[in-house]
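Report on the following structure.
The values are calculated or read from the model by the stated rules, or taken from the named source; none is laboratory data. Given the structure is predicted, the values throughout are model-derived calculations rather than measurements. Counting neighbours? That spans all protein chains shown, and the Cβs are built from the backbone with ideal geometry, glycine included.
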Amino acid sequence: MTLKKEDCKIIIIITGDCGVGKSAIFPILKSALSLNSFDIHEMDEVGLLDKPTLDWRKQTTFYWLNHAVKKFSSEISSIILGMIDPRDIEEYCVDMDFGRIFFIHLDVSISERLRRLKMRGEKRDILMQHNQNLLGLRSWFKVTPFRYDSINTTNLEIEECAEKVTQIIIQQTNSN
């Protein structure tokens, strides 16, 4: 598929809890899509706290949303990867016109998430918190007002996941 400049101006948010593969696919997406009128950023590019707070997450989410809206005037679509809680976007959309927003929800089985996070050296209390976040996201996507697609990354290699995400991005961009 080919991207056309007039088809741009969409904000694509790639979200999911820790361990789903967001950071792993970021360099692949950046390489594949940055030349096609996309502005691609990972949420914590602005700096990540050792223990990110709810306020940090919301402020950083709003920072990247504002950045994406500014890109609209240049006919550039934005892709933001991060543990972005869709309810924050809902809350923020009340006051701003974001045009089109599309979510790609990366999901993973709890057992695979535990395996991945243990490999990263995460502690048990953090692992349990991540499982609650996962269940919260799954519930939200059942009742969301936003358009979205989900990808289960449990059995995917990084390249396969990036390819699936890229296909969805191109499809969404061309259909809008």
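Please verify whether region 111-125 includes one or more residues that are closer than 20 Å to I28 by Cα and at pLDDT 90 or above. If you could, list the steps in order and put the result at the bottom.
Pass one, region 111-125, residues closer than 20 Å to I28 by Cα: 116.
When the remaining residues are screened for being at pLDDT 90 or above, the result is none.
No: region 111-125 contains no residue that is closer than 20 Å to I28 by Cα and at pLDDT 90 or above.
Listed here are the residues, each with its yes/no results for (1) surrounded by 13 or more Cβ atoms within 10 Å (Cβ to Cβ); (2) modelled with pLDDT of 80 or more.
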position	(1), (2)
K70	no, yes
S74	no, no
L81	yes, yes
V94	no, no
R100	yes, no
F103	yes, yes
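Just to be sure I understand, how many residues within region 70-87 are in contact (Cβ under 8 Å) with a residue 40 or more places away in the chain and either assigned to a helix (DSSP H, G or I) or more than 12 Å from the chain's Cα centre (by Cα) (or both)?
Counting residues in region 70-87 that are in contact (Cβ under 8 Å) with a residue 40 or more places away in the chain and either assigned to a helix (DSSP H, G or I) or more than 12 Å from the chain's Cα centre (by Cα) (or both) gives 6.
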